[in-house]
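As structure tokens, the structure follows; a few thoughts come after it.
The values are calculated or read from the model by the stated rules, or taken from the named source; none is laboratory data. What you see is a predicted model; the values in this text were computed from it and never measured. Cβ placement follows ideal geometry from the backbone for every residue including glycine, while neighbour counts extend to all protein chains displayed.
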Amino acid sequence: MMSKGAQLREAMAKGMVLAPFVYDGFTARIAAGQGAQAVYMTGHGTSAQLGLPDVGLTSMAEMAANLGYISGAVDVPVIADADTGYGNAINAQRTVREYETAGAAAMHLEDQVFPKRCGFFEGKQCVPMAEHVQKIKAALDARTDPGLVIIARTDAVAPNGWDDAIKRAEAYHAAGADMVFVDGIKTLDDMDTYTTRLVEQGLPCLYNGSLLPAPDLADRGFKLMITGGGHALSYAAVCQALRDLKEGGGIGEPRDTDRFNATTSLLGLPEIYELEKRYAVDQAD
């Protein structure tokens, strides 16, 4: 049976894969139900689920547990944020083993100092390039599924500039990373630099963001795009519903609507009813 990592590799060989942000099993099911080829477990969203900002407060165990819930909820490949690997090269090896067990098809390791920050936050700093090269090599040595996609992420653009980020991406790819990921792309000029200096030079690249529509990114040659569908959208919808409730214009969450029934169906309630019938005990026996 083909592993989820091998499935993801096969899909990327045919064209760019779009993986929407998810932060739990429910949002993963929503994405898969909308036809997503893959989903992306966002570290920012996972931290938000715990009521925390994405500044290195969420542990590897918490991330791996959430990954297990997500991969158990859907059949599509799951790409997972693995932050800095939660320590040095040895810690990164354990992270690979835990993420493999939890069902990751792909995972990315970043070159920030610990505690890290979300790629779009201020105040990022990077470890020496040679240190992250060794971490990538250690991660590759630790994987038991050759299909698992190891993605090397650099956050060097903001603190160090593009020249250093390019040098790092090339070094990480040369060390064996299956794909590179330059995070913190905030402008179209950044996007153009990313495209011309890495993608067009033949390096398989991931893009995180929403500067351009997915077809445009595919035309540029990106292999994987992670974007959209995350906790920010949930925040806006929940805030509006609760505001309406507070101001007297809403009624909360009714239990007899098509929307409520759709969510219970998405979560597998009809299948549970069928199983209850199949395994019911005849009380007359």
Picked from the range 1-33 (must be hydroxyl-bearing (Ser, Thr, Tyr) and either surrounded by fewer than 20 Cβ atoms within 10 Å (Cβ to Cβ) or assigned to a loop (DSSP other than H, G, I, E, B) (or both)), the residue nearest to the chain's Cα centre (by Cα) is Tyr23
When every residue in the range 202-228 that is polar (S, T, N, Q) and in contact (Cβ under 8 Å) with a residue 24 or more places away in the chain is compared, the one surrounded by the most Cβ atoms within 10 Å (Cβ to Cβ) is Asn208
Could you tell me whether the range 83-95 includes any residue that is in contact with a Lys or Arg (Cβ under 8 Å, 6 or more places away or on another chain) and of a type in the set (Val, Ile, Thr)? yes
Leu57 meets each of (1) within 24 Å of Val182 (Cβ to Cβ); (2) at pLDDT below 95 with one exception, condition (1)
### Query
Is there a residue in the range 154-163 that is in contact with a Ser or Thr (Cβ under 8 Å, 6 or more places away or on another chain), modelled with pLDDT of 95 or more, in a helix (DSSP H, G or I) and surrounded by fewer than 24 Cβ atoms within 10 Å (Cβ to Cβ)?
yes
Going through (1) farther than 30 Å from Tyr172 by Cα; (2) polar (S, T, N, Q); (3) assigned to a loop (DSSP other than H, G, I, E, B) one by one, Ser210 fails only at (1)
Among the residues of the range 65-83, the number that are among the hydroxyl-bearing types (Ser, Thr, Tyr) and in contact with an Asp or Glu (Cβ under 8 Å, 6 or more places away or on another chain) is 1
Contact list, first residue from the range 115-132 and at positive phi, second anywhere and assigned to a loop (DSSP other than H, G, I, E, B) and surrounded by 15 or more Cβ atoms within 10 Å (Cβ to Cβ), beta-carbon distance below 7 Å, six or more apart or interchain, is Gly123/Arg117
Of the listed residues (Ala80, Ala104, Ala36, Ala92), the one being closer than 15 Å to Ile151 by Cβ, in a loop (DSSP other than H, G, I, E, B) and aliphatic (A, V, I, L, M) is Ala104
